[in-house]
Amino acid sequence: MAHLLHLDSSLRTVGSRSRTLSAYYAKCWLAANPGGTTTYRDLAADPVPHLTEAAFTANLVPAEERTAEQARERAITETIVGELTAASHVVVGIPLYNFGPPSTFKSWFDRIVVPGVTMRVEWERPSVTIVAARGGGYGPGTPREGWDHREPWIHHAFSALGITDIDVIHAELTLARESPAMAPLDLGAAEDASLEQAHQEIDALFA
Ligand SMILES: Cc1cc2nc3c(=O)[nH]c(=O)nc-3n(C[C@H](O)[C@H](O)[C@H](O)COP(=O)(O)O)c2cc1C
């Protein structure tokens, strides 16, 4: 059955473009998959604990040999990875923070890399849509072209799990009006056009 895992990672609860886009995606997905089900996880409000030595090594020893701490950590990992393996599709809202993904998303990712579950075994891999927001402009020919390190990392990290069906949709210039440094550049119309383009790219996925 069609099942969507919907993740957000913006620290903002108000004004977040990535949350707006992931919610729009989920609405379109539900319309296209009548009877489909969803799981929602807010990685900013409810962060996945960082990988620790106990969490990492818990994945390397049989259940009966785990310490109490490893067992607790493994239970967290199984909840997170279970949400992924249950999904036929994943949508993730990801802001650009300091030229990379939010650490909350990285913590989630570190938990889904599990030998015998998502690594090196046959499993029904989901397709993934990333809806990404960034404050500046990073297009071809701009001074910061190539500085957004999310997209290459996302492709590499997911491909290590055999997940290669990935769409990445960007809304950019989101600080055009919010940032005192960018406001004089008068890029508000370009910001609006980028967000509209992102909505259209989502529409096109379901056309
Ligand atoms: C901690 C932090 C770091 C940020 N770093 C960058 C950055 O490196 N480059 C950039 O273009 N925008 C940066 N921004 C701006 C965000 O990418 C922008 O506000 C984006 O719209 C956030 O996603 P959201 O709208 O879903 O909250 C940063 C914002 C925050 C809060």
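Compute the normalised compactness of region 55-175: alpha-carbon radius of gyration over 2.2 N^0.38 Å, N being the residue count.
Against the compact-globule rule of thumb, the ratio is 1.22.
Given Cβ point charges of +1 (Lys, Arg) and -1 (Asp, Glu) and nothing else, what value in debye, to the nearest 20, does the dipole of the chain about its Cα centre take?
Here the chain has a charge dipole of around 200 debye.
Between beta-carbons, use under 11 Å as the cut-off and find the net charge around GLY139, counting Lys and Arg +1, Asp and Glu -1.
-1
For SER16, what charge total do you get from the other residues with a beta carbon under 13 Å from its beta carbon, if Lys and Arg give +1 and Asp and Glu give -1?
Residues near SER16 contribute +1 overall.
Compute the angle between helix 188-206 and the longest alpha-carbon principal axis of the chain, please, reported from 0 to 90 degrees and rounded to the nearest 10.
Approximately 50 degrees, to the nearest 10.
Which order results if TYR25, TYR97 are arranged by neighbouring Cβ count within 10 Å, fewest first?
Lowest count first: TYR97, TYR25.
Give, in nm to one decimal, the length gained when the segment between TRP147 and PHE99 is fully stretched (0.36 nm per residue of separation minus the Cα-Cα distance).
Result for the pair: 16.7 nm of gain on full extension.
Can you sort THR174, THR39, THR79 by how many other beta carbons sit within 10 Å, fewest first?
Going from least to most buried by this count: THR79, THR39, THR174.
Relative contact order of the chain: what whole-number percent is it, with Cα pairs under 8 angstrom and at least 6 residues apart?
Relative contact order comes out at 22 percent.
Which number comes out as Rg/Rh for region 106-203 once both Rg and the Kirkwood Rh are worked out on C-alpha atoms?
1.09
Please state the Cα pair-distance histogram of region 3-86 with 5 angstrom bins from zero: what percent is in each bin?
3, 13, 18, 17, 15, 13, 9, 8, 4, 0
When the helix-only estimate is applied to the chain (DSSP H runs of n ≥ 4, each -39,500 (n - 2.57), divided by the residue count), what is the mean residue ellipticity at 222 nm, nearest 500 deg cm²/dmol?
Taken over the chain, the calculation gives -12000 deg cm²/dmol.
To test your reading of the geometry: what angle, between 0 and 90 degrees and rounded to tens, separates the Cα axis of helix 150-159 from the longest principal axis of the chain?
30
Subtracting the Cα-Cα distance from 0.36 nm times the residue separation, let me have the gained length for HIS50 to HIS3 in nm, one decimal.
14.3 nm
How big is the antiparallel share of DSSP beta bridges in the chain, given as a percent to the nearest 5?
Around 5 percent of the beta bridges assigned by DSSP in the chain are antiparallel ones.
State which stretch of the chain is the longest one without any exposed trypsin sites (Lys or Arg not before Pro), exposure meaning a DSSP loop state and at most 16 other Cβ atoms within 10 Å.
13-119
Report the calculated FRET efficiency for ASP167 and TYR40 (r = Cβ-Cβ distance, R0 = 25 Å), to the nearest 0.05.
Working from the Cβ atoms, E equals 0.80.
If you place +1 on the Cβ of every Lys and Arg, -1 on the Cβ of every Asp and Glu, and leave all else neutral, what size is the dipole of region 1-98 about its Cα centre, to the nearest 20 Debye?
Roughly 560 debye for region 1-98.
Largest first and in whole Å, give the semi-axes of the chain's equivalent ellipsoid, each being the square root of 5 times a Cα gyration tensor eigenvalue.
32, 20, 15
Compute the FRET efficiency between GLU78 and ALA190 as 1/(1 + (r/R0)^6), taking r as their Cβ-Cβ distance and R0 = 35 Å, and round to the nearest 0.05.
Working from the Cβ atoms, E equals 0.20.
Tell me, what is the FRET efficiency for PHE206 and TRP123 to the nearest 0.05, using R0 = 25 angstrom and their Cβ-Cβ distance as r?
E(calc), rounded to 0.05, equals 0.50.
Here, each number is a calculation from the coordinates, and none is a lab measurement. Nothing here was measured: the structure is a model prediction, and the numbers come from that model. Neighbour counts are summed over all protein chains in view; Cβ atoms, including those assigned to glycine, are modelled from backbone coordinates with ideal geometry.
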